[in-house]
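**Student:** There's a structure below that I have some questions on.
Nothing in this text is a laboratory measurement; each read-out follows from the coordinates by a stated rule. This one's a predicted model, so the numbers in the text were calculated from it and none came from an experiment. Ideal geometry is used to build each Cβ from the backbone, glycine not excepted, and the neighbour counts take in all protein chains shown.
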Amino acid sequence: MKPALCWNSTWADILLSSLVRCGIRDFFLSPGARSAPLIKALAKLPSVSVTPHYDERGASFAALGAARATNRPSVCITTSGSAVANLLPAATEAFHSQTPVIFLTADRPPELRGKGANQTILQPGIFGSFSVWQADLPCPDPNLAADLPSWIEDAVLAASGAKNFRKGPAHINAPFREPLLPFSSPAPSPQTPPLPLLSLPPLPPAQIPPSCLSACLSAKRGILLAGELPPSSQKKRNSIFALAELLGWPLFADPLSGLKCAGTNGIDHADFLLKRKDAPRPDFVLHIGGKITSKRIGLFCRNAIGDCYLQVKEQPGRLDPFDQNPVSVLACIEEFCHLASTLVREEKRQTKQNWLASWLRANRAARALVEQKISTTSSLSSLHLCRFLPSIPASSAASPPPSLFLGNSSAIRDFDAFAHLSSQQKSCPTIFGQRGTSGIDGNVAHIAGIAGTGIPLFAWLGDLAALHDSASFPLLRKKPVKLLVLNNQGGGIFDFLPMDIPAETKAAWITTPHDFSFSALCSQFGIPYANPRSPKELEMLLNAPFSKPTVLEICEPRNEKLQRIQEMDAALQALPSEQLWENSDTLPSPEKP
């Protein structure tokens with residue numbers, strides 16, 4: 001008797017090889033029996049990077065990190081059941097950050113759904129509105145094998161943004177019947193046509209609506225607001241700097257734009273400055289890129305509405321959290337900046353020099369306050385991270401410059417308010433974050449996914465974010481990562497949020513205090529650990545070569561940080577208004593109803 005043909009194995013071979021022929025190189029997987037045909041097929045493929053991890057949530061965030069770093073889709077493979085449910089947090093982040101991740105989930109066959117069968121849930125559609133494409137494949141069938149490559153191509157094109165310019169997660173659900181991988185003959189691979197080289201359509205040509213152009217050219221007090229930019233766009237920052245200088249406008253740059261700490265027009269302490277209520281408001285906002293971190297800056301710009309608020313983005317989707325009804329343009333940012341610069345030159349627009357001079361003067365005053373507090377603070381604090389991290393050079397001329405990952409909650413907010421370059425540095429590093437849904441889950445895995453592409457990476461997380469993803473610490477091994485964990489024994493950000501709640505309840509149930517250290521955790525997973533106690537020791541560790549991954553735990557009691565910020569706030573409020581905005585005789589009223 002001839003052995004039975006195994007179509008599961010052949011089907012999986014076609015599926016995985018089709019992904020590779022579409023340009024996929026980075027795969028992340030968690031163990032499971034139902035996904036065995038996929039894993040066996042993956043093991044046959046040359047020239048791919050495979051990262052196994054026992055935690056599906058961690059694997060999915062690592063896949064997201066790799067996709068963000070490479071700007072091409074990565075694939076996360078899981079078995080069936082609750083394993084798939086663990087992918088939802090990463091799917092929401094990938095959807096809202098428009099990051100191309102393909103979730104390839106093995107499944108029980110459809111005839112077992114809804115019957116109480118073991119490890120069987122309704123997987124098709126599980127990501128709901130948080131996917132740009134989804135398909136529930138048929139079980140392996142020799143009559144449909146020739147169609148499988150085109151289905152995979154559709155998934156890759158959709159995740160890459162070829163359907164509607166919106167990148168994001170795609171879901172391929174692949175059911176397999178038993179026996180999964182019997183010891184039998186593999187079925188012959190059907191003849192499938194080669195996949196065409198995938199090419200994405202170009203973005204629409206840059207344009208400026210006439211009404212916006214008129215408002216822009218007549219504006220006396222414009223602001224160029226740089227929102228989040230993908231790493232590939234951060235490298236083209238010079239076109240944005242040049243436009244800001246040509247317009248003569250201050251540049252308010254979000255940390256995730258990669259422009260915050262550079263450029264002659266940069267107001268790197270804007271979030272801190274706007275704690276004052278007398279800051280003069282703009283009459284036009286040119287918003288380049290995605291969302292911004294600072295709610296304070298967003299509220300400050302809200303009086304610019306309609307034609308006086310122009311957004312230029314490379315990714316589609318509505319961005320209007322403050323109900324300003326902005327004019328939105330989908331275009332290559334670099335192309336738009338060149339077009340806008342040409343039009344401004346042709347109009348021979350006269351800039352309002354005292355508007356920019358006033359903001360630069362105020363920024364210098366804010367920087368002096370921050371510098372004074374840093375210089376008089378001998379114990380380590382978040383302020384020292386804001387000082388050191390933007391200015392760390394590459395370890396050698398031959399190595400790529402290190403990038404920076406900013407965790408959510410306090411890390412990115414502190415960097416936004418207080419970070420600036422030293423006088424010796426010329427540009428800020430490429431900066432990554434996880435601001436699609438701004439969660440603290442999966443941050444360690446996300447960091448490992450970025451560094452796994454070969455990018456040397458500094459990463460700053462709070463203690464709760466690091467604890468939340470402690471199962472992903474093994475992913476850091478052999479990665480060029482220096483993970484800085486600022487341990488303030490709980491959720492320090494809640495000290496700065498107004499909450500009408502009893503102090504005892506807030507302390508016990510919201511700030512979630514703890515007395516954990518990360519030393520034993522690092523020892524458990526074989527990751528080098530250090531606990532610097534002085535600014536000099538921290539700076540030395542940061543500047544050491546990336547020879548191995550390292551966790552640096554910086555302890556800063558919450559009450560000390562709260563006191564430092566309160567003291568700087570008081571010093572800022574005490575500055576006379578004319579000392580900040582001295583040359584702004586025709587600036588608008590600081591408040592608008």
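**Student:** Normalized C-alpha radius of gyration of region 380-555, against 2.2 N^0.38 Å?
**Tutor:** 1.02
**Student:** Using a Förster distance of 35 Å, how high is the FRET efficiency between SER470 and LYS40, based on the Cβ-Cβ distance and rounded to 0.05?
**Tutor:** After rounding, the FRET efficiency stands at 0.65.
**Student:** Checking the a/c ratio against 1.5 first, then a/b against b/c, what shape does the Cα gyration tensor give for region 210-361?
**Tutor:** Cα axes put region 210-361 in the rounded bin.
**Student:** Another question, if that's okay. Using 0.36 nm per residue, how much length does the chain from SER47 to MET540 gain when fully extended, once their Cα-Cα distance is taken away?
**Tutor:** 173.7 nm
**Student:** Cα centroids of region 68-147 and region 446-476: how far apart, whole angstrom?
**Tutor:** Region 68-147 and region 446-476 have Cα centres separated by 24 Å.
**Student:** What's the extension gain from LEU497 to ALA574 if we count 0.36 nm per residue and subtract their Cα-Cα distance?
**Tutor:** 25.5 nm
**Student:** Calculate, in whole percent, how much of the Cα-Cα pair population of the chain lies beyond 38 Å.
**Tutor:** Roughly 36 percent, rounded to a whole number.
**Student:** Answer rounded, prolate or oblate for region 459-532, using the Cα gyration tensor with square roots of eigenvalues a ≥ b ≥ c: rounded when a/c is under 1.5, else prolate when a/b is larger than b/c, else oblate.
**Tutor:** Since a/c reaches 1.5 and a/b is larger than b/c, the shape of region 459-532 is classed as prolate.
**Student:** Separate question: Give the Cα extents of region 17-155 along the principal axes, in whole Å, largest first.
**Tutor:** Result, largest extent first: 42, 32, 27 Å.
**Student:** On the principal axes of its Cα set, how long, how wide and how thick is region 304-391? Give whole Å, largest value first.
**Tutor:** Principal-axis extents of the Cα atoms in region 304-391, largest first: 50, 34, 26 Å.
**Student:** Magnitude of the Cβ-charge dipole of the chain, K/R +1 and D/E -1, about the Cα centre, nearest 20 debye?
**Tutor:** So the dipole magnitude of the chain works out to roughly 780 debye.
**Student:** Could I have the simple spin-label model distance between SER232 and ALA507, label points 7 Å from Cα toward Cβ, reported in nm to one decimal?
**Tutor:** The two pseudo-label positions are separated by 5.1 nm.
**Student:** Can you compute the radius of gyration and Dmax for region 278-355, using only the Cα atoms, both in Å?
**Tutor:** When restricted to the Cα atoms of region 278-355, Rg and Dmax are 13.5, 36 Å.
**Student:** Additional query: Can you tell me how region 95-154 classifies by the Cα gyration tensor, rounded, prolate or oblate, using a/c under 1.5 as the rounded cut?
**Tutor:** In terms of gyration-tensor shape, oblate.
**Student:** Right, here's the next one. Of the listed peptides 22-33, 293-304, what is their order by residue-averaged count of other C-beta atoms within 10 Å, with the highest listed first?
**Tutor:** Listed from highest to lowest mean packing, they are 22-33, 293-304.
**Student:** Further question: Mean Kyte-Doolittle of at least -0.5 plus a Cα span of 15 Å or more along the axis: flag which DSSP H helices in the chain meet both, please.
**Tutor:** In the chain, the long hydrophobic H runs are 7-21, 56-70, 148-160, 237-247, 333-347, 353-375.
**Student:** To the nearest 0.05, what FRET efficiency results for ASN143 and LYS115 with a Förster distance of 22 Å applied to their C-beta separation?
**Tutor:** Given R0 = 22 Å and the Cβ-Cβ separation, E is 0.25.
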